[in-house]
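Here is the structure we will look at, set down as structure tokens.
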Amino acid sequence: MLDAYREPVNNKERQERMSGKEESELFPYYGATGQVGYIDDFKLDGKYVLLGEDGAPFLEPGKSKAYLVEGKIWVNNHAHVLKPKIFPEFFCYYLNSVDYSTVVTGTTRLKLNQRAMRRIAIAVPPLNEQRRIVAKIEELFSELDKGVESLKTARAQLKTYRQSLLKAAFEGRLTEQWRRDNADKLETADQLLERIQEEREARYQQKLEEWKAAVKEWETGGKLGTKPRKPYRPKLDVGDAANRSGSLPGGWANARIIDIAFVGTGVTPLKKRQGYYEGGKIPWVTSGAVNDLYVQEPSGWVTETALEETNLRLYPRGTLLVAMYGEGKTRGKASELAIEATTNQALAAVVTEGLAASVKPYLKWFLVYNYESIRQSSSGGVQPNLNLGIVEKTEFPLCSLDEQEQIVNQIESGVSRLSQLEEELEASFRRAELLRQSILKRAFEGKLVPQDPDDEPASVLLERIRQEQADAVGTKRGKRNAGATS
């Protein structure tokens, strides 16, 4: 074991040390599971097995915990440095087959300390058999890798086909023949938007009258409780949709989300304010929940008090959610509420009612398909985000309700078939990984290659290793003693 040669160097210092140097002057810098960068010097030169000390996937079968390195290297303090006395490749494969559950400690970040590592027993066959085992493992793994690459190609093709299906849907190509066959029966996008506009205005006027009556009753009752919230007036500046038809099929037009829906959001009630969370029974959803076509479970719970005293709104089932903030790939994702819930300020809630609700299934698929382009419309500085205005003005190609129904049916049928194929592929990936583990298991049970009676026994190999170690210790002591008497 050569852990004494390890030395961590943070990224900033390494960058400073590498500044102005040629690539040929740099050396690989290794960590728990592989190379993590470069540095301008080396600590070791040779062939070694590095085994993770912490940060390695110790409890994940199939993932490497040890790996081979060769040449001039620098290792940080997250990997043990081992110089095997047996065939290095055999030793490395063996370490990747070990059950580490009984030797690692910790919870969130598992650790394999030196003492525990030394307890790991290694089944050592004759040296020649070690070489045969490694050759057979690599032969079988090579065949497996070819199969896995084919599976990855197929998975990528399914993803491409899914995108092609959705692209064709919203360009009108998916229903081209159906549209020709039903041309005399279909209303235009202009006509549909006009009907939605009239209905939304009528619904608003009705809600306004109900609100006025509720306010009057609240005032008459001594203004007890929270004053009824005034309904939002829909933004009905639709304009001439035909002027926004672009290259869409005849009768289609580019509508905006605000043309057919109310777009709202929510808040995160103050954590320090008592009465907003404890004992809450009202579902509350954050952007982290938008990971699938439906939001089935809340991110947390808030109280009636929080709903009354903050800008929270209770959104109905069927509300579409668009993630406006979020690191990584969260921003721009869309989903549908399968529960009645409030939201935080990182989500835009798209609420459709009446006739406009019939557009929702079609709009949902459009948002799912256009995730990347919606994400790219983010604004801001260091961390660009979406906002309600951007979501409201997001355009989508609108067609008649009958054609929308045809499109949604074809999308869902196609996506269902693709999902089934994806599940079959994932099952094949799992089988490949199980086979990989089975190969290692058979190898270290002595069942992968035949034994050869002419091989030097492992006992002789181990005795030679012990003698070499004893000689090395004796040489060290001799040098120390010589130095002490000089």
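The values are calculated or read from the model by the stated rules, or taken from the named source; none is laboratory data. Fair warning: this is a prediction, and the values are worked out from it, not measured in the lab. Here Cβ is always computed from backbone atoms with ideal geometry, including for glycine, and neighbour counts include all displayed protein chains. These accessible areas exclude ligands, DNA and RNA; they are computed on the full protein's heavy atoms, side chains included. Shrake-Rupley method; radii C 1.70, N 1.55, O 1.52, S 1.80 Å.
Give me the percent of accessible area attributable to carbon and sulfur for the chain, probe 1.4 angstrom. Present the calculation step by step, with values, prior to reporting the outcome.
On the way: 13220 of 27050 Å².
Carbon with sulfur: 49 percent of the solvent-accessible area.
For the chain, the longest principal axis of the alpha carbon atoms and the long axis of helix 458-485 meet at an angle near 80°.
If you take every residue apart from Asp402 with its C-beta less than 9 Å away from the C-beta of Asp402, what net charge results, scoring Lys and Arg +1 and Asp and Glu -1?
On the way: positive: Lys185; negative: Glu187, Glu403, Glu405.
That sum, taken over residues with Cβ under 9 Å, equals -2.
The phi-based Karplus calculation (6.51 cos²θ - 1.76 cosθ + 1.60; θ = phi - 60°) puts the 3J(HN,Hα) values of the range 68-79 at 8, 9, 8, x, 8, 9, 10, 10, 7, 8, 9, 9 Hz, whole numbers, x for Gly and Pro. Placing unit charges on each Cβ (+1 for Lys and Arg, -1 for Asp and Glu) gives the chain a dipole about its Cα centre, and among Ser97, Thr108, Ser378 the Cα reaching farthest toward its positive end belongs to Thr108.
The H on the amide N of Thr343, modeled in the peptide plane, is under 5 Å from the matching H of Val267, Val285, Arg313, each at least 5 residues off or on a different chain.
Across the range 137-150, computed HN-Hα scalar couplings (Karplus, 6.51 cos²θ - 1.76 cosθ + 1.60, θ = phi - 60°) run 4, 5, 5, 5, 5, 4, 5, 4, 4, 4, x, 5, 4, 4 Hz from first to last residue, x flagging Gly and Pro.
Annotation for the range 33-57 versus the range 298-352: alpha-carbon center distance of 45 Å.
What is the ratio of the Cα radius of gyration of the range 254-385 to 2.2 N^0.38 Å, where N is its residue count, to two decimals?
Values: Rg = 14.8 Å, N = 132, 2.2 N^0.38 = 14.1 Å.
Against the compact-globule rule of thumb, the ratio is 1.05.
A straight chain from Asp455 to Gln437 at 0.36 nm per residue would run longer than the Cα-Cα distance by 3.8 nm.
Taking 0.36 nm per intervening residue step and subtracting the Cα-Cα distance, what contour gain separates Ser358 from Lys159 on full extension?
On the way: separation 199, 0.36 × 199 = 71.64 nm, distance 2.80 nm.
Separation in residues times 0.36 nm, less the Cα-Cα distance, equals 68.8 nm.
Ranked highest first by the average count of other Cβ atoms within 10 Å around their residues, in what order do 54-66, 362-374 fall?
Working: 54-66: 16.3, 362-374: 19.4.
Ranking, from highest mean packing down: 362-374, 54-66.
So the label point goes 7 Å from the Cα of Arg180 along Cα→C-beta, right? Which residues of the range 406-435 then have their backbone N under 18 Å from it? From the range 406-435, the list is 407. Residue ranges 1-13, 281-293, 255-267 sort as 255-267, 281-293, 1-13 when ordered by packing (mean number of other C-beta atoms within 10 Å per residue, highest first). Our coupling estimate for the range 338-346, obtained by passing each phi through the Karplus curve with A = 6.51, B = -1.76, C = 1.60 and θ = phi - 60°, is 9, 9, 7, 7, 9, 9, 8, 6, 7 Hz, Gly and Pro reported as x. Highest mean first, the peptides 436-443, 116-123 sorted by other C-beta atoms within 10 Å per residue fall in the order 436-443, 116-123. Taken along the Cα-to-beta-carbon direction at a fixed 7 Å, the label points for Met1 and Glu424 span 5.0 nm.
About its Cα centre, what dipole magnitude does the chain give when the only charges are +1 on Lys and Arg Cβ and -1 on Asp and Glu Cβ, stated in debye to the nearest 20? It would help to have the intermediate numbers written out before the result.
On the way: 70 positive and 69 negative charges, 347 e Å.
Approximately 1660 debye in magnitude.
Solvent exposure of Thr352, expressed as accessible area, is near 20 Å², computed with a probe of 1.4 Å over the protein chains only.
Tell me the relative contact order for the chain as a rounded percent, counting alpha carbon contacts under 8 Å between residues six or more apart. Kindly include the intermediate steps, with their values, before the conclusion.
On the way: 724 pairs, mean separation 70.0, N = 486.
It rounds to 14 percent for the chain.
Comparing Cα centroids, the range 110-157 and the range 59-74 end up 11 angstrom apart.
What number comes out for accessible area per residue over the chain if the probe is 1.4 Å? Units Å², please. Don't skip to the end; give the middle numbers.
Values: 27050 Å² over 486 residues.
On a per-residue basis, the chain sits at 56 Å².
A cut-off of 5 Å between modelled amide H atoms, ignoring neighbours fewer than 5 places along the same chain, links Lys47 with Gly71. If you take all other residues with their beta carbon under 15 Å from the beta carbon of Arg115, and give Lys and Arg +1 and Asp and Glu -1, the sum is 0. Across Thr107, Thr305, the residue with the most accessible area heads the list, and the full order at a 1.4 Å probe is Thr107, Thr305. With a cut-off of 8 Å between alpha carbons and a minimum separation of six or more residues, what is the relative contact order of the range 253-346 in percent? So the answer I get is 35 percent. Put simply, the amide H of Asn370, placed in the peptide plane, has no neighbours under 5 Å, leaving out anything fewer than 5 places away on its chain. Between the range 394-414 and the range 177-193, what is the separation of their alpha carbon centroids in Å? For the range 394-414 versus the range 177-193, the Cα centre distance is 12 Å.
Quick one: putting +1 on the C-beta of Lys and Arg, -1 on the C-beta of Asp and Glu, what dipole do you get for the range 1-135 around its Cα centre, in Debye to the nearest 20?
On the way: 19 positive and 17 negative charges, 109 e Å.
Dipole size: approximately 520 debye.
Calculate how steeply helix 360-369 sits against the longest principal axis of the alpha-carbon atoms of the chain, using the helix alpha-carbon long axis, and give the answer as 0 to 90 degrees to the nearest 10. For helix 360-369, the angle is close to 30 degrees.
Under the simplified labelling scheme, the Arg109-Ser64 pair shows an inter-label distance of 2.2 nm, with each label point 7 Å from Cα along Cα→Cβ.
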